[in-house]
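The values are calculated or read from the model by the stated rules, or taken from the named source; none is laboratory data. Predicted model only: the values in this text are computed from it and were never measured. Positions of Cβ are generated from backbone atoms using ideal geometry, with glycine treated the same way; all protein chains shown enter the neighbour counts.
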């Protein structure tokens with residue numbers, strides 16, 4: 001059974017990373033109806049920004065700070081001002097297509113300016129194994145899990161316990177009324193974009209040491225986060241967290257018990273089942289259908 | 001395009017068709033391959049335009065249907081069947097699968113539907129890759145023969161380009177007829193206001209499934225031509241990014257415009273080739289171009305033209321009104 005225990009911990013660790021990415025994804029959807037098809041590439045890019053900073057001689061800790069700041073400027077501020085703002089009023093689909101093009105652009109830029117090869121990436125959490133209750137567990141998994149949980153707890157505290165968080169929720173749920181009662185809606189939307197950029201940078205820091213930094217690594221990750229967001233509930237932060245953990249565990253168990261070839265099919269089938277039988281997601285509220 | 005006079009439109013259409021027949025005659029092998037690919041992708045994009053642009057159902061699975069058609073054609077023709085039989089099988093198969101994929105559209109809409117079809121796309125890719133007894137797995141299927149048309153071999157690039165172009169012409173005429181038939185109007189009613197369509201007696205359930213099935217069948221035809229075009233297929237070209245590319249073609253060209261898919265496929269297939277002189281940068285430039293275009297005109301290229309013509313018509317109409325008004329005033 002030690003195998004199963006190990007799988008569960010590893011699954012929760014990857015799941016926690018998926019959850020971070022999925023939470024950012026749902027935040028963008030809630031505040032600005034952006035379906036960000038480049039979310040996976042958003043996770044891939046910060047690792048390369050950090051590597052670039054280290055390349056010009058910055059120590060690791062400084063490179064991390066620079067990388068996160070740059071990500072927030074590029075993937076938060078610039079993304080919103082240059083792409084989302086001009087397109088928001090034209091509906092969901094053109095913007096979604098534009099983010100698909102953005103995903104191609106980011107991938108190609110990384111391939112061209114950095115490298116097409118996978119590069120190793122230093123871990124911010126200690127590696128090795130420790131023994132818990134007689135089971136040996138990867139220290140990295142535990143570290144990833146702890147950092148991700150801290151981030152999620154921090155975010156939910158911000159959203160639910162502070163005035164700023166309440167203003168953000170108001171801006172997301174009913175922008176018109178929020179504006180009337182004096183919430184600076186525009187600034188709140190910008191804030192969610194910055195938070196998303198921070199979350200993807202954090203996810204990048206956590207996942208890249210495990211899977212290496214590669215220009216194409218965003219594809220799988222983006223899809224997993226996508227599925228996590230839908231399965232959990234598109235309109236709920238806690239739904240995205242639950243969805244992320246669930247998909248992470250499911251993915252790892254499928255790899256071990258179904259077959260290596262069809263492991264990717266399991267989350268997909270699960271996704272189809274959830275959409276057909278519980279379209280609002282496992283934890284989501286039912287949305288009014290437009291028609 | 002209704003702003004042009006009818007004879008002018010017909011002349012323009014004939015000129016384009018003549019150019020497509022004559023100009024490539026002295027193209028090299030690679031140029032003909034790219035042009036054939038444009039014809040094939042136009043067919044697939046036209047199918048998606050029917051599902052998305054006319055009937056308003058978002059699908060991220062068109063690439064999977066191209067794959068289904070390609071594998072059907074590859075498997076059958078390498079076992080000695082003629083290509084027309086394989087195309088027929090591809091149509092029937094993708095029509096049936098598309099019909100089944102339409103069922104989720106009866107329950108969920110918009111982005112949820114997009115995700116169901118996205119999941120289907122990934123599942124189809126896994127089947128292509130893993131069922132090696134049927135599809136050859138990652139090694140794919142090679143030596144796919146090209147057909148004989150009226151006793152003429154089409155092994156050389158130019159004759160096969162004409163096969164692709166001819167198929168495109170047939171499909172274009174069929175789609176032209178379809179969107180002008182009551183079915184086409186029912187599709188548009190479905191897109192604009194499903195509730196009203198239903199209360200007017202349109203069987204929305206059947207037409208939703210039909211929109212999916214016909215759109216998918218066109219994807220199947222495109223695939224059945226793609227297999228003999230490349231003469232070798234493996235699962236990689238039919239992954240999710242083909243579906244995303246096709247969706248991009250439809251939106252960039254102009255969803256819901258008849259000529260949108262032709263233009264969209266032209267940009268997606270030819271623009272990267274024209275940008276090749278920039279070497280590693282060409283896909284980056286392509287991505288930037290698509291984003292700029294969508295920021296400028298979210299309804300695609302034909303959206304720009306449409307807006308321009310609409311503006312000109314309103315200007316002309318208001319000028320006429322002004323003249324009429326001044327005449328009335330002078331009479332008084």
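Selection over the stretch A:164-189 of residues that are assigned to a helix (DSSP H, G or I), farther than 17 Å from residue A:154 by Cα and in contact with a helix residue (DSSP H, G or I) (Cβ under 7 Å, 6 or more places away or on another chain) gives a count of 9.
Could you check, for the stretch A:106-118, whether at least one of its residues is touching a strand residue (DSSP E or B) at 6+ places or on another chain (Cβ under 6 Å) and more than 12 Å from chain B (Cβ to nearest Cβ)? Looking through the stretch A:106-118, none of the residues is touching a strand residue (DSSP E or B) at 6+ places or on another chain (Cβ under 6 Å) and more than 12 Å from chain B (Cβ to nearest Cβ).
Of the residues screened, residue B:241 is one that is crowded, with 16+ Cβ neighbours inside 10 Å and facing chain A (nearest Cβ under 10 Å).
The C-beta contact set for the stretch B:1-25 (first residue over 13 Å from residue B:162 (Cβ atoms), second residue outside any helix (DSSP H, G or I) and at pLDDT 85 or above, distance under 9 angstrom, 6+ apart or interchain) comprises B:1/B:257; B:1/B:258; B:1/B:259. Does residue B:277 count as modelled with pLDDT of 90 or more and either in contact with a helix residue (DSSP H, G or I) (Cβ under 7 Å, 6 or more places away or on another chain) or part of a helix (DSSP H, G or I) (or both)? Here the answer is no, as residue B:277 does not meet what is asked. Hey, can you tell me all the residues within the stretch B:247-295 that are more than 9 Å from chain A (Cβ to nearest Cβ), free of Cβ contacts under 8 Å to residues at least 40 places away in the same chain and more than 22 Å from residue A:116 (Cβ to Cβ)? Residues satisfying the conditions are B:263, B:267, B:271, B:274, B:292. Answer yes or no as to whether residue B:170 is surrounded by 14 or more Cβ atoms within 10 Å (Cβ to Cβ) and either under 30 Å from residue B:257 (Cα atoms) or in contact with a helix residue (DSSP H, G or I) (Cβ under 8 Å, 6 or more places away or on another chain) (or both). Criteria not met by residue B:170.
Candidates in the stretch A:218-238 are the residues that are at negative phi and not in a helix (DSSP H, G or I); of these, the one that is surrounded by the most Cβ atoms within 10 Å (Cβ to Cβ) is A:234.
Between A:275, A:247, A:241, A:207, the distinction of being modelled with pLDDT under 85, in a helix (DSSP H, G or I) and within 28 Å of residue B:241 (Cα to Cα) belongs to A:275 only. Restricting A:143, A:105 to those that are out of contact with any helix residue (DSSP H, G or I) (no Cβ under 6 Å at 6 or more places or on another chain), outside any strand (DSSP E or B) and under 27 Å from residue A:211 (Cβ atoms) reduces the list to A:143. Summed over the stretch A:191-213, the residues that are touching a helix residue (DSSP H, G or I) at 6+ places or on another chain (Cβ under 8 Å), touching a residue at least 40 places away in the same chain (Cβ under 8 Å) and surrounded by fewer than 22 Cβ atoms within 10 Å (Cβ to Cβ) give a count of 5. Considering only the stretch A:255-275, I want to know if a residue exists there that is more than 10 Å from chain B (Cβ to nearest Cβ) and under 19 Å from residue A:30 (Cβ atoms). Within the stretch A:255-275, not a single residue is more than 10 Å from chain B (Cβ to nearest Cβ) and under 19 Å from residue A:30 (Cβ atoms).
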